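Only one structure is covered here, and it is reproduced in the block below.
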Amino acid sequence: MAPKSSSKLTPMMQQWQAAKSAHPDALLFFRMGDFYELFGNDAVVAARALELTLTSRDKNKEDGLPMAGVPHHAAQGYLTRLLELGYKVAVCDQVEDPKKAKGIVKRAVTRVVTPGVVLEESVLDPSVNNYLCAVWPGLEGYGVIHTDVTTGSLRGTVAVGLSALLSELGRLEPAEVLLPPESEAEITAAIERFGGVVTHLSVDNFNPGQALAKSEKDAPKLIRCALGAVGSYLHLTRPVGQVPLMPLEHYSLDEHLMLEETAFRNLEVVRTLMGGRRKGSLLGLLDKSVTAMGARQLRRWLQYPLRRKAEINERLDAVSELKEDAIVRDELRSSLSEVYDIERLGGRVVAGVASPKDLCNLRSSLSRLGTLKTSLSELQAAQLTQLAERLDPLSDLQTLLENTLCDAPAQSAQEGRLIRSGFDAKVDELSGLADTGKDWILQYEAAQRERSTIASLKVRFNRVFGYFIEVTRANLHLVPDDYIRKQTISTGERFYTIELKEYETKVLSAEERRIQRETELFEALRDQLKEHASRILRSAGRVADLDVLCALAEVAHRYGYVRPHLFDDRRINLKNSRHPVVEQSMGAGEFVPNDLRLDDEHGWLHLITGPNMAGKSTVMRQVAVTVLMAQIGSFVAADEAEIGLVDRIFTRVGATDDLSRGQSTFMVEMSEAAFILSHATQHSLIILDEIGRGTSTFDGLSIAWAVAEYVHDHLGARTLFATHYHELTELARSKESVRNCHVAVREWNDEVVFLRKLQPGATNRSYGIQVGRLAGLPESVIVRAKEVLAQLEQSDVAQPRVSSEEQGVAPQLGLFAPEVVPQCSELEGAVARVDVTRTTPLEALRLIDRWQKKLKQ
């Protein structure tokens, strides 16, 4: 509900209406004295979301304007809750001192807080980047820009094809994505799946002409269009104060090992499949960082693993040296642990919102950079020596902060007590007046006690009444005649004198002038630091890199990981490989390691058979996780590891019904398989788990067989293919690079024991009934299942007959008893003509399928 006519509004409400018209899609926090007020529909929405009391500005009218408010000192908490609920909030502040205002106080929207444009610490997860993305479609693909306004990072790429775009968004999980109107529904659906907010901007905002810096002008037009949207949006949301952005970094997705969206999720790289928790993910295991910057950088390394062998080896050299030199590693980690988040502190400086506490933390952090640089200079690895050379200790800024800021500044610039004594003569003079004023008050209080003979008399101060003399009720008869009554309280009276009032004016004037002067100096200090923002952010990046390298070295040392050896061919040879996350979730020595050789000699397409729960999925995932770890520059969970560099990792490891998109389990399975077959190369790693299980046996086996053949004949990609279709193992006879292996089990007293060991050769049993018993199926079901299995294995027709308990009673057809089909000489002849020595299992299945259809006819 909004006012009907601006002509009937008060001047203040006209201000509100103008601000609201400029930001119709945001809740408007309108500053009125000590409160932020919301009006109209904003008030209704906020009252419901924040559990506020909803009132009316015109209480005497039935159609009064709804109104709700929050105290300005508590506004941040309410902003946080609204952001978590996905709302945008426009903050309209008083932009002049009410005491100096001529007429109505000027107000203006100073910022619009959105999920992707937020600098408030209380809203942010320190270990995760808060990305704002923009996407612009074109004939060559999609221009993608992502920025974190809290750190200044600005990166752009071109995603070729919708699937590449969705994978990129899935990796980044941006808080907010800027899209042009009428974008594909698949993009919006993908963003909503990971909890992002979609903001549609008009096409005019995607203007490539906004690029100014050389790095931006040289970028492809698709990227510059997306960059234009980011620039427009930041100007809209931060009309007052800059947003700190570094020069654009243009990257190519082909430079990195790419994990498709499903692979990134299925391998539990940054969160678990169940519950979406960080603990239990690969990131949760590897993150031994001691700074917020390092935690965010490690996440980025996992999102964008490397493909160039030289770059990876440089990281591995650094991790190796830090792993071996425990003394230096501990020194570095100790110094790093005392460094605050200078990346986000620098961002707050540039945005003009850094508090005295922020600058105090920045000063403390900068004092550790010199120590880090000295410790690094003792090391030999190329990446570590480069870090030592490039790490700017920012000693000049540390000195500036040390000389300007006092040791324990106030929480807010408006409180004063910010500037170090001796830095500014004017501040020292005004502080002296305030300090001597305290002594004068004590002397004045003592004199008044003596004069009035009131021993309990006190001289006090508060912000509402200023200085006053407080006398208890029992002593009111002793009050001197020149005392002027100021206030009656429950315990007595408050007075003032002309002398006290004059001194109050003098002291408060000095205090006010001191605070004003200190605020000016503090803002000047912030402006000086702002000029060096790029230096601060670059040093923050160096610290983040060092923290990640130390963290990976700590992990390697703590868990006994080894350095992987990298090659350009298609090998993946692992000795005593373990799944790093599963291993740590088990007791010491409980995880069963496995050897694996994927190469030209030992085959690069392995068909893995074995029962459910035997460990097939774990083996396959640990291979993919090992490759991923190696290509971020980490040591790996194995005794030995030789890895040919991988360009992409694909997984097809289980599907759930996607009812929201109208896709069944089998449709999802086939879509993922089709994507893999269309995009994998001979340098890819493919993990396939139970292809074809979502349909009938013959259809599923046929599809699985054809997929395996296609991977072998056309892709040549390293592939681990787990299956319950034991007929597939026949492929090893006809396909040169196919090998069979199985996860071993043993039977003991009609029970199955999982050995978790990968062994060469196929198995022809799935042990499904034994697994069913372990899962808790009723014993009667287990007994009947064994009977049916025996009949199926012995019968010419694969259908169960009546149970043993029903034998001896009147003949009765079993539920699945076959119909009697007349003899057909044509079919008999067809069967007789089949040469079983030359017929493949797949061809035999097709013949059987054809004969069955004829019988049904």
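Values in this text are rule-based calculations from the coordinates and carry no lab data. What you see is a predicted model; the values in this text were computed from it and never measured. Neighbour counts are summed over all protein chains in view; Cβ atoms, including those assigned to glycine, are modelled from backbone coordinates with ideal geometry.
Grab the Cα-Cα distance for residue 49 and residue 639, subtract it from 0.36 nm times how many residues apart they are, and report the gain in nm with one decimal.
Gain on stretching residue 49 to residue 639: 206.9 nm.
Mind checking region 430-498 for trypsin sites (Lys or Arg not before Pro) that DSSP puts in a loop (not H, G, I, E or B) and that have at most 10 other Cβ atoms within 10 Å? Walk me through the numbers on the way to the answer.
On the way: sites: 438, 449, 451, 458, 460, 463, 473, 485, 486, 494; in loops: 463.
Passing both the DSSP loop test and the Cβ count: 463.
Under a model in which nothing but the beta-carbon of Lys, Arg (+1) and Asp, Glu (-1) is charged, the chain shows a dipole of about 1760 debye around its Cα centre. If only the Cβ of Lys and Arg carry +1 and only the Cβ of Asp and Glu carry -1, the dipole of region 6-113 around its Cα centre is close to 340 debye.
Which three numbers, in whole Å and largest first, are the semi-axes of the equivalent ellipsoid of region 194-315 derived from its Cα gyration tensor as √(5λ)? If you can, show how the numbers build up before the last one.
Values: eigenvalues 196, 78, 50 Å².
Three semi-axes, in Å: 31, 20, 16.
Estimated from the Cβ-Cβ distance and a Förster radius of 22 angstrom, the FRET efficiency linking residue 433 and residue 412 is about 0.50. Whole Å is fine, so just give me how far the alpha carbon centre of region 162-178 lies from that of region 678-748. For region 162-178 versus region 678-748, the Cα centre distance is 31 Å.
Restricting the trypsin sites (Lys or Arg not before Pro) of region 551-589 to loop positions (DSSP other than H, G, I, E, B) with no more than 15 neighbouring Cβ atoms within 10 Å leaves nothing.
Among the DSSP beta bridges whose two residues both lie in the chain, what percent are antiparallel, rounded to the nearest 5?
65 percent
A Förster distance of 41 Å, applied to the separation of the beta-carbon atoms of residue 443 and residue 524, puts the FRET efficiency at 0.65. Pairs over the 32 Å Cα-Cα cut-off, from the set 221/288; 20/99; 106/426; 20/221: 221/288; 20/221.
Of the beta bridges in region 6-113, as assigned by DSSP with both residues counted there, near 80 percent are antiparallel. Computed FRET efficiency, Cβ-Cβ of residue 325 and residue 255, R0 30 Å: what is it to the nearest 0.05? Calculated transfer efficiency: 0.45.
Please state the relative contact order of the chain as a whole percent: Cα pairs under 8 Å, 6+ residues apart?
9 percent
Our note on the geometry: Cα centres of region 463-509 and region 103-133, 45 Å apart.
For Rg/Rh (Cα atoms, Kirkwood Rh), one of (1) 1.13; (2) 1.36; (3) 1.11 was computed from the structure I shared and the rest are decoys. Which label? The value matching this structure is (3).
Label positions at residue 163 and residue 371, each projected 7 Å from the Cα along the C-beta direction, are separated by 5.1 nm. The label-point distance for residue 575 and residue 600, in a model that sets each label 7 Å from Cα toward Cβ, rounds to 2.3 nm.
Starting from the coordinates of the alpha-carbon atoms of region 425-526, obtain the Kirkwood hydrodynamic radius over all distinct pairs and give the value in Å to one decimal. Numbers along the way, then the final one.
Numbers: mean 1/r = 0.0666 Å⁻¹.
So the Kirkwood estimate lands at 15.0 Å.
Using Cβ point charges alone (K and R +1, D and E -1), the dipole size of region 561-764 about the Cα centre works out to roughly 320 debye.
Loop-resident trypsin sites (Lys or Arg not before Pro) (DSSP state other than H, G, I, E or B) in region 93-131 with no more than 16 further Cβ atoms inside 10 Å of their Cβ: 99, 100, 102, 106. Legend: Rg and Dmax of region 561-764, from Cα coordinates, 16.7, 49 Å. Put a dot 7 Å past the Cα of residue 781, heading toward its Cβ, do the same for residue 511, and the two dots end up 7.7 nm apart. Scalar couplings 3J(HN,Hα) for region 90-105, obtained by applying the Karplus form with A = 6.51, B = -1.76, C = 1.60 to θ = phi - 60°, are 9, 9, 9, 9, 6, 9, 8, 5, x, 5, 9, 6, 9, x, 5, 5 Hz; x denotes Gly and Pro. Take every pair of alpha-carbon atoms less than 8 Å apart whose residues are at least six positions apart; their mean separation over the length of region 1-157 yields a relative contact order of 17 percent.
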